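See structure below.
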Amino acid sequence: MKNFFKSSGDSYIKALTLICASLSFLAIALIFYFIISESMEALTKVGITNILFSTKWNPDRNQYGILAFLCGTVMTTLGGLIIGAPLGIGTAIFLDQVAPRRMGEIVRRGVELLAGIPSVVIGWFGLTILVPAIARVTNSSGYGILAASVVLGVMVLPTITTLSVESLRSLPPELKEASASMGATRWQTIRRILIPAAREGLLVATILGMGRAIGETMAVQMVVGNANQLTFSLTQNTSTLTSRIVTDMGEAPPGIFRSSLFVMALVLLIFAMLLIITIRLVSRKKGD
Amino acid sequence: MKSNLEVENLIVEKDKEVGKEMAKLGNKIEIRDLSMYYDSFKVLENITMSIPCRSIVALIGPSGCGKSSLLRCINRMNDLIPNSKVEGEILLDGENIYNPSCEVIELRRRVGMVFQKPNPFPKSVYDNVSFGPQVMGIDNKKEMDEIVEASLKKAALWDEVKDKLRTSALSLSGGQQQRLCIARALAVQPEVILFDEPCSALDPVATQKIEDLLIELKENYTIVIVTHNMQQAARISDITAFLLMEVQGEPGRLIEYSDTNKIFTNPSDYRTERYITGRFG
């Protein structure tokens, strides 16, 4: 065995890594193919406009509008970012610029731990603590966009914090020194020099957090209420694309109903691609 | 309405005061028994020197002798490094900057700094120069325009950038960037400017420009410069300090401190002579 590795050397490793790469690529290609082909039935029989621009979702009556869920996804994602981005970037600034070494290390570990907590656990917290609390304060069911936003805000925190710390760390130390040598206070340095200089990196961190928020399923499904209605109220039951897929997939028979769930998956996939393209554009601007 | 005589007397009084002021200003900075540590490692030991007002003092010595650390003691930039510690005192106009009552922010406005690598902010030329006055609280547009123009003129950069004040500072050449950093430091009207090997990243032409500029700035500012380039020290400085870490792991000490002419023609210490004749370092 030892000899095998020794003698075979380069060419085997080359072949091995090539196989790995091909398999990954194949998986992605298959997912694309599968989702597109499965969603074709709904797209052709119901029509794109009837799916994308209708809020009526009644599979029993052949109505497959997903607009309500699309809005749900957009609103919970934005809500999650409104909570998570300032918190995450603030934490990153604290970790990189303010915290004493030891304390920073402890907080950093805590944030990393947060990333490892399964989403069902965070959703469970939301369900048992957050939803009743919101219900009491707002006199509603407690489920809805607000609860989902808070849960998502917590879930995007590790992504945004870790990446923001990276982008702040990558700034040349000379910037901070130059600012300090001009008699700027620490806060002035952070606000006027470091944050603007790290802007692209912070933006990318936020966009990646967005990707996490759009795709999150379990925790959101547990607190969003899962009603098929379009609502702009923060405390009314509604659905997101992901929560709708997971709620209905068990009982959707093969046919248009099931195919329409794949359309939602396709929409999510397109969202993900748009985010990746945005990140490319942002980082390219940074390179100039 | 005062009589002519009274006015004349006033002027005489005033002159006397200015004279006293000048005498007091004889030494801008006095470093007394300064030792410095990073963690438990002693970087500098018992440095004592006086830096006269409106002169250029060059700090020379081999790499690692602590000359940059010494420079950074003068505006307390070492405060940014955790676990650095200073013993002894540095008097700026007679006041110890390591007194607990000394405002570091105020100190750094009086003692500006230009770094080894040109480090303009990733902002426009204008915003680079206006940064200092802005954090000092100046927000009058007209006043700011004047400060920016005056600072860029003093740094001999105005003619080159007056048409591109709004373009990014990073689009300037290395030499221009370094002069921009000097303009940026001048904008807060410091009394002392510290230069940490300001030409080490520049070509000879850009170096020449900076050297000319330093000699001009000497008229109004006290300048301390760390340099690796002995010809540079000989060309521009009035006084030269030679620092040396004799044994690896021991702190750097001030070996000789005297007129630049004397140091380079007739050094009193054999180690200085060996260094400037290129036998080590």
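What follows is calculated from the coordinates using simple rules that are stated; it is not laboratory data. Note that the structure is predicted; figures quoted are calculated from it, not measured. Here the Cβ positions follow ideal geometry from the backbone for every residue, glycine too, while neighbour counts run over all protein chains shown.
Sorted from largest to smallest, which semi-axis lengths in Å does the alpha carbon gyration tensor of chain B give for its equivalent ellipsoid, taking the root of 5 times each eigenvalue?
32, 26, 20
Site pair residue A:170 and residue A:56 shows an inter-label distance of 5.0 nm when each label is modelled 7 Å from Cα along Cα→Cβ. Calculated from the alpha-carbon coordinates, region A:159-205 shows an Rg and a Dmax of 10.8, 34 Å respectively. If a spin label sat at a point 7 angstrom from the Cα of residue A:40 along the line to its beta carbon, the backbone N atoms of region A:252-271 nearer than 16 Å would be those of A:255-256, A:259-260, A:262-263, A:266. Taking all C-alpha pairs of the protein assembly as shown, those more than 48 Å from each other amount to 37 percent. Of the chymotrypsin sites (Phe, Trp or Tyr not before Pro) found in region A:180-288, those in coil by DSSP whose Cβ has at most 13 other Cβ atoms within 10 Å are A:232. Phi angles across region B:98-110 convert, under the Karplus curve 6.51 cos²θ - 1.76 cosθ + 1.60 with θ = phi - 60°, into 3J(HN,Hα) values of 9, 5, x, 7, 6, 7, 5, 4, 5, 4, 5, 6, 7 Hz, Gly and Pro given as x. Restricting the calculation to Cα atoms, chain A shows an Rg/Rh of 1.06 when the hydrodynamic-style radius is the Kirkwood one.
Among the DSSP beta bridges whose two residues both lie in the protein assembly as shown, what percent are antiparallel, rounded to the nearest 5?
Numbers: 27 of 46 bridges.
About 60 percent, rounded to the nearest 5.
Taking other C-beta atoms within 10 Å as the exposure proxy, A:31, A:89 rank A:31, A:89 from fewest upward.
Close amide H pairs (under 5 Å, H built 1.01 Å from N) link residue B:88 with B:35, residues at least 5 positions away or on another chain. Across region B:157-281, the fraction of Cα-Cα pairs farther apart than 25 Å, rounded to a whole number, is 35%.
Here each label is just a point 7 Å from Cα along the line to Cβ, and for residue A:87 and residue A:24 those points are 3.1 nm apart. Rounded to the nearest whole Hz, the Karplus-based 3J(HN,Hα) values (6.51 cos²θ - 1.76 cosθ + 1.60, θ = phi - 60°) of region A:71-79 follow the sequence 5, x, 4, 4, 6, 5, 5, 4, x, with x at glycine and proline. What the phi angles of region B:68-76 give under the Karplus curve with 6.51, -1.76 and 1.60, with θ = phi - 60°, is a coupling list of 5, 4, 4, 4, 6, 6, 6, 10, 6 Hz, glycine and proline written as x.
Using Cα springs under 10 Å in a Gaussian network model of chain A, which residue among A:141, A:170, A:149 shows the largest mean-square fluctuation? In the Gaussian network model the winner is A:170.
In terms of other Cβ atoms within 10 Å, B:270, B:257, A:64, B:38 run from fewest to most in the order B:270, B:38, B:257, A:64. Projecting label points 7 angstrom from Cα along Cα→Cβ for residue A:275 and residue A:117 puts them 2.0 nm apart.
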